[in-house]
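Below is one structure; the comments refer to it alone.
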Amino acid sequence: MSVDEYEYGRIVIDGREERNDVILTDDTLHANWWRAEGHALQLDDLEPVLETRPELLVVGTGTSGNMRPAPGLEEALSERGIAMEAYRSPDAVERYNQLRGQADVALAIHLTC
């Protein structure tokens with residue numbers, strides 16, 4: 001799956017528009033994704049990623065970067081064989097699209113703040 005467009009509050013994936021946060025894994029769109037603690041990204045929030053175990057998870061932290069990975073999240077993912085890179089959402093989309101097809105990569109993206 002490729003991300004065709006991203007702007008604050010909106011993402012288009014393979015021609016399908018979404019207006020809520022999403023996770024992309026193994027060519028599967030997990031729509032309406034939300035975290036238990038809002039802007040704090042915890043391991044438990046990443047169930048689709050944990051099930052598919054990609055080599056890399058790209059995290060979009062929002063246009064302004066307000067969603068923050070919890071302390072220890074990167075290490076917890078690494079223990080499961082999943083590397084993590086976190087960027088503001090516009091940069092995360094660019095990175096995901098860059099790696100898609102070259103690596104086993106997933107995307108978890110916050111669309112707003």
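A quick yes/no check of all residues on (1) surrounded by fewer than 14 Cβ atoms within 10 Å (Cβ to Cβ); (2) farther than 18 Å from residue 89 by Cα:
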| position | (1), (2) |
| --- | --- |
| 14 | yes, no |
| 30 | no, no |
| 36 | yes, yes |
| 43 | no, yes |
| 49 | no, no |
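Does the stretch 99-107 contain any residue that is among the polar types (S, T, N, Q) and either in contact with a strand residue (DSSP E or B) (Cβ under 8 Å, 6 or more places away or on another chain) or at pLDDT 95 or above (or both)?
Within the stretch 99-107 (the criterion being among the polar types (S, T, N, Q) and either in contact with a strand residue (DSSP E or B) (Cβ under 8 Å, 6 or more places away or on another chain) or at pLDDT 95 or above (or both)), the answer is no, since none of the residues qualifies.
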### Query
So which residues in the stretch 68-96 are farther than 16 Å from residue 106 by Cβ and of a type in the set (A, V, I, L, M, F, W, C), if there are any at all?
70
### Message
Looking at 50, 57 in this structure, which one is part of a helix (DSSP H, G or I), of a type in the set (A, V, I, L, M) and in contact (Cβ under 8 Å) with a residue 12 or more places away in the chain?
### Response
50
### Of residues in the stretch 97-113 being free of Cβ contacts under 8 Å to residues at least 60 places away in the same chain and either in a helix (DSSP H, G or I) or of a type in the set (A, V, I, L, M) (or both), the one surrounded by the most Cβ atoms within 10 Å (Cβ to Cβ)
105
### Task
Please give the number of the condition residue 16 fails out of (1) under 18 Å from residue 84 (Cα atoms); (2) without any contact (Cβ under 8 Å) to a residue 24 or more places away in the chain.
(1)
### Message
I'm trying to understand the selection: among the residues of the stretch 64-74, which are open to solvent by 50 Å² or more (accessible area, probe 1.4 Å) and within 11 Å of residue 87 (Cα to Cα)?
### Response
64, 66, 68
### Task
Scan 85, 94 and give me the residue that is part of a strand (DSSP E or B) and charged (D, E, K, R).
85
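The values are calculated or read from the model by the stated rules, or taken from the named source; none is laboratory data. Just so we're clear, the structure is a prediction, and the values are computed from it rather than from any experiment. Ideal geometry is used to build each Cβ from the backbone, glycine not excepted, and the neighbour counts take in all protein chains shown. Only protein heavy atoms, including side chains, enter the accessible area calculation; ligands, DNA and RNA are left aside. Shrake-Rupley method; radii C 1.70, N 1.55, O 1.52, S 1.80 Å.
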